Amino acid sequence: MAAARDTSARAALRIASAEDIPAILAIERASFASPWTEKMFADELKNEWSNVWVAEAGEPRRVVAFTVFWVACDEIHVLNVAVAPEERRRGHARLLLRSILAFGEHRRLSHVVLEVRPSNLGAQRLYQSLDFRPVGVRPRYYQDNGEDAILMVRMLRR
Ligand SMILES: CC(C)(COP(=O)(O)OP(=O)(O)OC[C@H]1O[C@@H](n2cnc3c(N)ncnc32)[C@H](O)[C@@H]1OP(=O)(O)O)[C@@H](O)C(=O)NCCC(=O)NCCS
């Protein structure tokens, strides 16, 4: 009998490159009703204030999740985080976000902000579990359906 493979092995994070865009796009399109375009990801890879990270897992390794965040002055703004549907609830998003928090603390930044849809209860639970707190509402923030955004903030230890 073939040896069982450990598919629960922890994902590895790395900085994304242009070669990752097809895998990122596939996850993006499977995750959002109004997905970002290829050009939007290509632009983020060029922006000096933007960071695009991917998580790899499985055997052979493949991209299973990604995040995009900006660093502006002492603030991190998480613009995007998504996990391949078949890879969810395995801790990949938690790992990405914890790594962003560690990155911010290492750089002595002040806080992390992000927006989340009121209808996205899973994501809200994820953020709350990492001590993000709701601090306000951006009315009609999402252009596809006019949904408000909940603004959440996580202070960093300095
Ligand atoms: C939201 C999303 C990024 C979570 O990714 P994930 O890798 O599945 O999340 P994790 O496995 O790291 O979950 C960590 C914790 O968050 C919470 N959580 C995550 N997804 C949840 C869900 N669908 N329902 C309830 N709680 C959820 C749980 O507390 C979970 O811990 P547990 O599995 O031990 O109970 C993923 O579902 C996704 O890509 N969704 C579509 C895109 C999206 O909504 N992005 C966020 C936009 S703001």
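The values are calculated or read from the model by the stated rules, or taken from the named source; none is laboratory data. Since we're looking at a predicted model, the values are computed, not measured. Every residue, glycine among them, receives a Cβ derived from its backbone with ideal geometry; neighbour counts consider all protein chains shown. The protein model used for the area step is the full one, side chains on, heavy atoms only, and it has no ligands, DNA or RNA in it. Shrake-Rupley method; radii C 1.70, N 1.55, O 1.52, S 1.80 Å.
Brief remarks on what is shown
- Here S99 passes the criteria (1) within 14 Å of the ligand (Cβ to nearest atom); (2) without any contact (Cβ under 8 Å) to a residue 60 or more places away in the chain; (3) of a type outside the set (F, W, Y) except the one numbered (2).
- Test: residue in the range 30-47 that is open to solvent by less than 30 Å² (accessible area, probe 1.4 Å), of a type in the set (S, T, N, Q) and out of contact with any Lys or Arg (no Cβ under 8 Å at 6 or more places or on another chain): no
- Those residues of the range 26-75 which are basic (K, R) and touching a residue at least 12 places away in the same chain (Cβ under 8 Å), in sequence order: R61, R62
- Taking the criterion of being over 30 Å from G146 (Cβ atoms) and aliphatic (A, V, I, L, M), the residues of the range 76-115 that qualify are L95, L101, A102, L109.
- Of the strands (runs of 3 or more DSSP E) lying entirely inside the range 32-139, those carrying at least 2 residues that are within 16 Å of the chain's Cα centre (by Cα) are 50-57, 62-72, 75-83, 111-116.
- V116 fulfils the conditions (1) within 8 Å of the ligand (Cβ to nearest atom); (2) surrounded by fewer than 17 Cβ atoms within 10 Å (Cβ to Cβ) except for a single criterion, (2).
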